[in-house]
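Visitor: First the structure, which I've put down as structure tokens, then a few questions once you've had a look.
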Amino acid sequence: MSTFSLAVRRHVESHAPALVSGVVDYPTLLEHGLPQIDFYDSRRHLGALTGEALAERVRGRAGALTARGLARGDRVVMVAENTEEYLATLLAVLLLGAVPCAVAPPPAPSRPESAGVLHLRAAIGVVAPAMVLASTRSAPAHRAAVCYEDLEDAGSLLLPELPHPTPDDTHHLQLTSGSTSAPKAVVLTHGNVAHNIATVSRAMATVRNTGGLFSWLPMYHDMGFIQVLGALIYGGRIGLMTPLGFLRDPLSWMRNMTHHRSTVTAGPTFAYRAATDALARAGSPSGGLDLSELRHAYIGAEPIAATTLRDFTESFAPCGLRPDALVPSYGMAESVLATTIASHPAPEGPGNFGRVRALQSDSMSAPLVSCGPPIDGMCVRIVDPNGAHVGEGAVGEIQISGPSVMAGYLAPDGKVVGPPGGWHDTGDRGLICGGELFVVGRSKEMLIVRGRNMPPYDVERSIGELAQVGPGQAVVFSAPDDGRGRESLVAVVATGSGDADQCLQIRAEVAARVRETFGFSLDDIVLVPKRSIPRTTSGKIQRLKTRDRYLTGRLPSRI
């Protein structure tokens, strides 16, 4: 059975020769040529690497890894960087048929008990790799790590000797972001990856050797990695910046895309909000920015805030941003990247514009945003807690199935535990309306207010609108409370203020905002210092980790 439908196969034959056999064929990828890679920081263009030079370095590093004993099927933990050394080494590992698993670089690699080092150790424990690869800076976190910088050219590897994978062979392992649990190793096959990249590319009418991708997303995140891999396969120019560069100056994302003439980019919701706010602070409607080339700006988070999309579109319209540039989507590591995409214009209606379709639900204070219909070959269903299908427009658990869905999770004994019956329970809640998916929120993060499920996102967004708080600085969750005989409703709010009177005022404003807007009172409001709210590697708030720290008294309270 083919990985692709007939329509996708025809698209692949015309535009992606490395995917024709239903796998990611790395010898063919190198043979047909790689695109140019441009590197940026938050201030300027740092330089470019031609496709020919990259291919030669990939072959050289493959030879060096072979000399060190790396073989087909070996699992490799790689400390990821948005650098030339990392990208060339990653492609070399894949060229050899080995199985990479990317991990975030530890911020303090020399401190054994730091969170980053502990995360790396946990990943190594889960993956049980034959080799650990890291940059010289990150190498102190693991004494046996091989440094990217030490992989000197060992001579080009003869391409005919390289293994040819099957669709069922493992392509890579992707660690889940850990929003609601400890990281798991997702096993993704060549067939999974080929299907997702080809199907998304066909849906967005990608043409070989045209356009350019710009990404600051970390390469250890599925969105960062798969987008770059897709651009390599389709021959699109690539611009890379570090995540730190974006965080230092969100507008550098737009400035660098202007220089790069990027046609494609992506980011989570908070990134678009950060760029919008940065433009407002700059006090200039354009500042020399030119986004007229940008055709597709993917946005993925659960759920997506309609106001963020409209504010971003309106704020950057004077910079040439097209009204239909934003592309809401839904996906996860377990489906490679995308499961649904808003690939077509939204119908006329209140709150709709471009590809953004809004739905006002009676139970939600803010409109829901459509993530589009499932991509070719993928199925989405909504079920109740007993697994029974619910009707159109009814909220329930989101389950997905299809060729992009993972082989399973890597178990401690090395076996792969697949999704029951081929259906992956995403842990998200949503509804289907008009064939399109609307995500409400995480099942395990729902607030229960007087017997009614309420997503925390609306409450957090409302608190973030307060002048002394700001977007993305509030976490709301339920916590067990034996004294009340029910779960307490708690808000953790980050603030830069250390003044006791001002903190008391912030708490009062938060309490009043929630009471007036939603009709219930918070049981506890905890103020914490800025940057102390736990987040995933992609910047999403970790509500359950925040909740755990609250319950164990490990939150650094201001007052």
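The values are calculated or read from the model by the stated rules, or taken from the named source; none is laboratory data. Computed from a predicted structure; not experimentally measured. Note: ideal-geometry Cβ built from the backbone for every residue, glycine included; neighbour counts use all protein chains shown. Calculation scope for accessible area: heavy atoms of the full protein, side chains included, ligands and nucleic acids excluded. Shrake-Rupley method; radii C 1.70, N 1.55, O 1.52, S 1.80 Å.
Visitor: Name the single residue that is farthest from Ala333 (Cα to Cα) among those in the stretch 542-554 being assigned to a loop (DSSP other than H, G, I, E, B) and open to solvent by 30 Å² or more (accessible area, probe 1.4 Å).
Guide: Of the residues in the stretch 542-554, the ones assigned to a loop (DSSP other than H, G, I, E, B) are 542, 552-554.
Now narrow it down to the ones that are open to solvent by 30 Å² or more (accessible area, probe 1.4 Å): 552-554.
Numbers: Thr552: 30, Gly553: 32, Arg554: 30 Å.
Per the stated criteria, the residue is Gly553.
Visitor: Another question, then. Kindly indicate which of Gly539, Gly498 is closer than 30 Å to Met223 by Cβ and assigned to a loop (DSSP other than H, G, I, E, B). Reasoning before the result, please.
Guide: Numbers: Gly498 fails: closer than 30 Å to Met223 by Cβ.
Only one candidate passes the filter, namely Gly539.
Visitor: I'm trying to understand the selection: among the residues of the stretch 55-108, which are under 24 Å from Lys184 (Cα atoms), among the basic types (Lys, Arg) and more than 23 Å from the chain's Cα centre (by Cα)?
Guide: Arg72
Visitor: Determine whether the stretch 110-119 contains at least one residue that is open to solvent by 50 Å² or more (accessible area, probe 1.4 Å) and touching a residue at least 60 places away in the same chain (Cβ under 8 Å). Please lay out each step first, then the result.
Guide: Taking the stretch 110-119 and keeping what is open to solvent by 50 Å² or more (accessible area, probe 1.4 Å), we get 110-113, 115, 118-119.
Still in the running and touching a residue at least 60 places away in the same chain (Cβ under 8 Å): 119.
Within the stretch 110-119, one or more residues are open to solvent by 50 Å² or more (accessible area, probe 1.4 Å) and touching a residue at least 60 places away in the same chain (Cβ under 8 Å).
Visitor: Among the residues in the stretch 48-70, are any within 21 Å of Tyr220 (Cα to Cα), among the polar types (S, T, N, Q) and outside any helix (DSSP H, G or I)?
Guide: No, every residue in the stretch 48-70 fails to be within 21 Å of Tyr220 (Cα to Cα), among the polar types (S, T, N, Q) and outside any helix (DSSP H, G or I).
Visitor: Any residue at all in the stretch 35-52 that's within 30 Å of Gly402 (Cβ to Cβ) and touching a helix residue (DSSP H, G or I) at 6+ places or on another chain (Cβ under 8 Å)? I'd like the intermediate steps shown before the answer.
Guide: From the stretch 35-52, those within 30 Å of Gly402 (Cβ to Cβ) are 35; that's our starting set.
In the following step, the residues that additionally are touching a helix residue (DSSP H, G or I) at 6+ places or on another chain (Cβ under 8 Å) were identified as 35.
Yes, the stretch 35-52 contains at least one residue that is within 30 Å of Gly402 (Cβ to Cβ) and touching a helix residue (DSSP H, G or I) at 6+ places or on another chain (Cβ under 8 Å).
Visitor: For Leu240, which of the numbered conditions (1) assigned to a strand (DSSP E or B); (2) touching a Pro at 6+ places or on another chain (Cβ under 8 Å) fails to hold?
Guide: Of the numbered conditions (1) assigned to a strand (DSSP E or B); (2) touching a Pro at 6+ places or on another chain (Cβ under 8 Å), the odd one out for Leu240 is (2).
Visitor: Okay, moving on. Looking at (1) touching a Pro at 6+ places or on another chain (Cβ under 7 Å); (2) assigned to a strand (DSSP E or B); (3) at pLDDT below 90, which is the one condition that is false for Val439?
Guide: Condition (3) is where Val439 drops out.
Visitor: May I ask you to say which residue of Ala479, Ala494, Ala500, Ala474 is over 30 Å from Pro345 (Cα atoms), open to solvent by less than 10 Å² (accessible area, probe 1.4 Å) and out of contact with any helix residue (DSSP H, G or I) (no Cβ under 9 Å at 6 or more places or on another chain)?
Guide: Numbers: Ala479 fails: out of contact with any helix residue (DSSP H, G or I) (no Cβ under 9 Å at 6 or more places or on another chain); Ala500 fails: open to solvent by less than 10 Å² (accessible area, probe 1.4 Å); Ala474 fails: out of contact with any helix residue (DSSP H, G or I) (no Cβ under 9 Å at 6 or more places or on another chain).
Of the residues listed, the single one that is over 30 Å from Pro345 (Cα atoms), open to solvent by less than 10 Å² (accessible area, probe 1.4 Å) and out of contact with any helix residue (DSSP H, G or I) (no Cβ under 9 Å at 6 or more places or on another chain) is Ala494.
Visitor: Scan the stretch 368-395 and report the pairs whose first residue is farther than 24 Å from Gly351 by Cβ and whose second residue is among the acidic types (Asp, Glu) and open to solvent by less than 40 Å² (accessible area, probe 1.4 Å), with Cβ atoms within less than 6 Å and a gap of 6+ or a chain change.
Guide: Val383/Glu397
Visitor: Could I ask something else about it? Does Ala98 qualify as being buried (at least 22 other Cβ atoms within 10 Å of the Cβ), in contact with a Lys or Arg (Cβ under 6 Å, 6 or more places away or on another chain) and at pLDDT 95 or above? Reasoning before the result, please.
Guide: Values: buried (at least 22 other Cβ atoms within 10 Å of the Cβ): yes; in contact with a Lys or Arg (Cβ under 6 Å, 6 or more places away or on another chain): no; at pLDDT 95 or above: yes.
Criteria not met by Ala98.
Visitor: Shifting gears a bit: Could you list, in sequence order, the residues of the stretch 16-30 that are within 17 Å of Asp376 (Cα to Cα) and open to solvent by 20 Å² or more (accessible area, probe 1.4 Å)?
Guide: Residue satisfying the conditions is Val20 alone.
Visitor: Out of all the residues in the stretch 520-539, which are within 13 Å of Ser557 (Cβ to Cβ) and free of Cβ contacts under 8 Å to residues at least 60 places away in the same chain? I'd like the intermediate steps shown before the answer.
Guide: Within the stretch 520-539, the subset within 13 Å of Ser557 (Cβ to Cβ) is 524-529, 532-533.
Asp524, Ile525, Val526, Leu527, Val528, Pro529, Ser532 - these are the residues of the stretch 520-539 that are within 13 Å of Ser557 (Cβ to Cβ) and free of Cβ contacts under 8 Å to residues at least 60 places away in the same chain.
Visitor: Right, here's the next one. For the stretch 2-47, which positions are part of a loop (DSSP other than H, G, I, E, B) and either on the phi > 0 side of the Ramachandran plot or in contact with an Asp or Glu (Cβ under 7 Å, 6 or more places away or on another chain) (or both)?
Guide: Ser5, Val20, Gly22, Gly33, Ser42
Visitor: Whether any residue in the stretch 237-252 is more than 14 Å from Ile37 (Cβ to Cβ), open to solvent by 30 Å² or more (accessible area, probe 1.4 Å), over 17 Å from the mean Cα position of the chain (by Cα) and not acidic (Asp, Glu) is what I want to check.
Guide: Yes, the conditions are met somewhere in the stretch 237-252.
Visitor: Would you point out which residue out of Ala141, Ala80, Ala123, Ala104 is in contact with a Phe, Trp or Tyr (Cβ under 6 Å, 6 or more places away or on another chain), farther than 23 Å from Glu56 by Cα and surrounded by 16 or more Cβ atoms within 10 Å (Cβ to Cβ)?
Guide: On the way: Ala141 fails: in contact with a Phe, Trp or Tyr (Cβ under 6 Å, 6 or more places away or on another chain); Ala80 fails: farther than 23 Å from Glu56 by Cα; Ala123 fails: in contact with a Phe, Trp or Tyr (Cβ under 6 Å, 6 or more places away or on another chain).
Every option except Ala104 fails the conditions.
Visitor: Another question about this same structure. Looking at Thr50, Thr3 in this structure, which one is surrounded by 17 or more Cβ atoms within 10 Å (Cβ to Cβ) and farther than 30 Å from Ala141 by Cβ? Walk me through how you get there before you give the answer.
Guide: Numbers: Thr50 fails: surrounded by 17 or more Cβ atoms within 10 Å (Cβ to Cβ).
Matching residue, one of Thr50, Thr3: Thr3.
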